[in-house]
1. Give me a count of the residues in region C:375-400 that are surrounded by 18 or more Cβ atoms within 10 Å (Cβ to Cβ) and in contact (Cβ under 8 Å) with a residue 60 or more places away in the chain.
2. Does region C:197-224 hold any residues that are surrounded by 21 or more Cβ atoms within 10 Å (Cβ to Cβ) and in a loop (DSSP other than H, G, I, E, B), and which are they?
3. Which helices (runs of 4 or more DSSP H) does region C:248-348 wholly contain that include 1 or more residues that are over 25 Å from the mean Cα position of the chain (by Cα) and surrounded by fewer than 23 Cβ atoms within 10 Å (Cβ to Cβ)?
4. If a residue has to be assigned to a helix (DSSP H, G or I) and either closer than 14 Å to residue C:355 by Cβ or outside the structural domain of residue C:339 (by TED's automatic domain parsing) (or both) to count, how many in region C:130-159 make the cut?
5. Of the residues A:56, A:72, A:50, which is of a type in the set (S, T, N, Q) and at pLDDT 90 or above?
6. Evaluate region A:82-91: report whether one residue or more is free of Cβ contacts under 8 Å to residues at least 60 places away in the same chain and not in a helix (DSSP H, G or I).
7. Condition first: more than 9 Å from chain A (Cβ to nearest Cβ) and assigned to a loop (DSSP other than H, G, I, E, B). Now tell me which residues in region C:92-113 satisfy that.
8. For region A:203-223, give me the residue count where each residue is touching a residue at least 60 places away in the same chain (Cβ under 8 Å), in a helix (DSSP H, G or I) and over 15 Å from residue A:78 (Cβ atoms).
Amino acid sequence: MRKPRLNIMVSYLILIFMGIFTLFPFLWTFMTSIKTEGQLFSIPPQLWPNPVTFGNYAAVLKDGSMMQFMYNTLFVTLVTTMLALLLAIPAAYGFSKFHYRFSGLLFAFVVSVRMVPPIILSIPYFLMISELGLLNTKTALIIAYLPLELTMMIWLMEGFFRQFPKELEEAADLDGLDTIGKLARIVVPISLPSISISTLFGFLISWNEFMLASTLTRTSVSQTMPIFIASSVTTFQIFWGKLTANGVLYMLPVILFTLFAQKGIVKGLTAGAIKE
Amino acid sequence: MLQREAGAKKYAKRQSKQQIGIALTLPAIVVMLATVVYPLIWALKISFLSSNSILTGKNEFVGFSNYLNVLASDEFSNAMVNTLAFVVVTVVMELLIGLLISVTLNRRLRGNKIFAMLFSLPLMMAPIVAGFIWRWLFADQYGIINYLLSFLGIENHLWFATPFWAKSSVLIANLWQTTPFVILVLYAALSNIPDEINEAASIDGAGGFGLFRRITLPLLKPAILLVLVIRIADAFRIYDLVYILTGGGPGNATNVLNTFIYRKSFSDFQFGQGSAASIIITLIIMVVSYFSFRLMRPGRGNAE
Amino acid sequence: MKTKWIRSAKQAMVLLLAVVLVLAGCAQSNNDNNNGGGENQSAVGNPSEGTNNGGSDNAKPYDGVEINVGVEAGGPAPEFFKTIINEFTEQTGIKVNIIDVPGLKMHDTFVTESIAGTGGFDVFNLDQPWIPEFAEKGFLVPLNDYVDEADLDDFYPVAIDSVTYKGSIYGLPYLVHTPVVYYRTDLFEKAGITEPAKTVEQYREYAKKLTDPTNGIYGTIIEGQQSPEPATQFTDWVLQHGGKLLDENNKVKVDSPEVLQTFKTLLAMQYEDKSSPPGAVNYNNADVQQQFMQGKVAMVRNWPYMYAMAQDPAQSKVAGKFAIALQPVTSAVWSWGFGISKDSKNKDAAFEFVKWASSSDVVTRFVKQVTNPVPRKSSMEAIKADPNIPEETKNAILMMTENMIQGTSVALNPAYDSFRNRVAVMLSKIMTKQSTPEEEIKAAAADLQKIADGE
């Protein structure tokens, strides 16, 4: 297929423009994190800090407490996401292809959890968790985040599974596979890109959550990175250097993970058609 | 005889299909119920109690008065209008931009993978951090955006001083954060359209935009619908960004439903009203989602 | 078939229950459950509730007691207390867990904890506006029976006023302050101004004189953002025009000629004189701080904490080029202190901490480290007598304290948070010209009265 040159140029322009829009806040965040207090607020802003200082990063890493917060976040997010995956994949599959009397209603319930303003949940969650004696524990966060991840993942994957070609399923039936086998051997592998993306979104829900974390946790035993980052904001001033340095460090695991897993995700995306 | 047999067989098949459905979905449902039903019921319960009595533990039942107070309050109407306007504008823009970008990505030009990765970056920043970063970016004197604008001859633009620009700043920051979601989901959906279909269509003479409109778009409909409903629900519930960027100002111009609830609950200590407002909002989102669903997928029943 | 459904449901329930139990079990045993509330171990060695034990016979009367103190993460005072808390433990045997709470969430956290009644925090770091709120809702323990009358006398009257609500004391302050005027001595000289403004008219006049567009310098900053800090500064402007927002009988006084005049002055300074930057309608004190330290504004009002920062050449471009002065006429006094949660299981020990944190010695040392006004007369004497404090710093501390002593205690209301929010909306609307002062004052007054009446 011939693709006219102009067409391609326009496409690239669009992509580049969007790329700049996407990238520049990150760049500026990084720039801010390597400036000294004095340089931070120069009017007009200094584009290139001079001298560059990694003091903010050094302070964070030397402090060491950040590691604990990072670990807490990783632990909570990974456990929650794994549990959610185990539950969401069959559920989404079930909702998409195996309807039963109340399945529509139940699906609506699952989906509607995402429609509740989260603020109103903070007090009841606090009460519930403290009744269970789980305040200030990572378990509390896992309990609180699980439904949040589930609602997103089930919702997304149900949509994707519904698009799954019937022919492939029927072929699997003919091969004598039962439902679980079909799910495990045919549906999941082929839907991997969609599942990966849903997992990524679910993961990010827990990774970035702030409100419930601040309500249910108190000390570094269970507190997560968003709280740690937010503590750079005091009543009288915001420590931008610290905030941005922590922000950058906080994104690194996810970015690295995505880079690492990108072969799976993007390969699936770019591979395109489901070849028979 | 054969007919009845066939009928019975069909019935059995449907029966077992139903059972499989239940077995597959039950674990997730049970977990969700166990973790979320208590908070939801609590929120529902206190929406019918007087706020003062909630704090003292006396729990005085006041029927629907919390709901009526909320609906009658000016601040609520103001927040509602702001939120509705925001939802419409942001979702439409997200969809348009998302479609444009995902289609462009789908052309599989060189460097595609890098762009895809790049576009997914904003998702990895926590909303609360993004709020601070954008506030920092939009600062009038030491913000980088104004600095760059000054090269275009626009001096010291004030991003938070007027309702219009305050709303715009929230919109821009939000678009930055949420369009990646749309892009990725639509891109995944586009990738699932077999190349054969595109090829077949172009052989038939359809090309470019026509191809897009008649073949691709209808095939994308489910994905667009999915994204639409999720994004509507999310846009209605926007909170962190607004709270950090503008605090609801200036003059309550960017007060949205969630900042309203927050203030009612934690500043005014009117938990009963805050809860009633939450229930109202949830219902509104449900209704809006339902109708969006219906509109885009008429005639879609439950039965398979 | 139905039974199969029921069976799988039962299995699922059992499995789920098992999982939850296992997780909960792990949580209990493995986790360092620091919350001091619920079913755990901090009741050890608790002296009987009734006696006000001053530790007379026993060297460590509270040995083994643990208390949790909730503080603002990263705040200068909490950081200071952390460095010397060991002394407190040495003296009393009380182990103190200083728990950082993100500033943004402090108020909500204390509210949530109090509503749930868990007693997770024994001591709350209190911002004065919260005291009427928390006291009214019964979240705090009245300290009248705990405090020593003689000790109270050592505090300046405004200091104790700030922690009193309806006749009861709910906390003890370690920091009592009011914004001071920071002004550029070099720019004052250049403009031929010899001493700081003593009236509002003078302030306005000076601001106009000092505005120098060619050098990008503004005379002052009129904070107009819709947030708590600007609303607080606004309160001072109103006081300086002879008005007030709320009187002692809980009557809102916003719809008054004084408040109207206040707005007229501010609008004039912002839009006619142009002595405040255009962006000021969205500034809060953080912006004021930055602008001043960057040398972009000649005269500002800000809290005492900025003094040390502005004198630090690493952060400030105006180090050594400014001085502080009393606010014209008067200003409102605010404080930070500690109070005891009603759910605390160790109220006596908690009070020991509260007493210690506001004690003469500790407060004096705090002020030496973070230049601030002192709330106690004895501390004032100690500062004056200390030869190791540079003259300049001493004078600064004296000035700030002077400002505070003659400041005005503001009438507060339990609904102060919403009250202040509404004031902030009013301020923002008027300063961004979305409403005229006359209109908005009327509208705000009506709303504010409703809030003050507790509706």
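The values are calculated or read from the model by the stated rules, or taken from the named source; none is laboratory data. All values derive from a computational prediction rather than experimental measurement. Note that we place each Cβ from the backbone using ideal geometry, even for glycine, and neighbour counts take in every protein chain shown.
1. 5
2. Result: C:197, C:211, C:219, C:220, C:221, C:222, C:223, C:224.
3. C:257-267
4. 4
5. One residue alone meets the criteria, A:72.
6. Kept after step one, since they are free of Cβ contacts under 8 Å to residues at least 60 places away in the same chain, are these residues of region A:82-91: A:82, A:86.
Subsequent filtering for residues that are not in a helix (DSSP H, G or I) retains none.
Checked region A:82-91: no residue is free of Cβ contacts under 8 Å to residues at least 60 places away in the same chain and not in a helix (DSSP H, G or I).
7. If the condition is that a residue be more than 9 Å from chain A (Cβ to nearest Cβ) and assigned to a loop (DSSP other than H, G, I, E, B), then C:93, C:94 are the ones that fit.
8. Looking only at that region, the number is 5.
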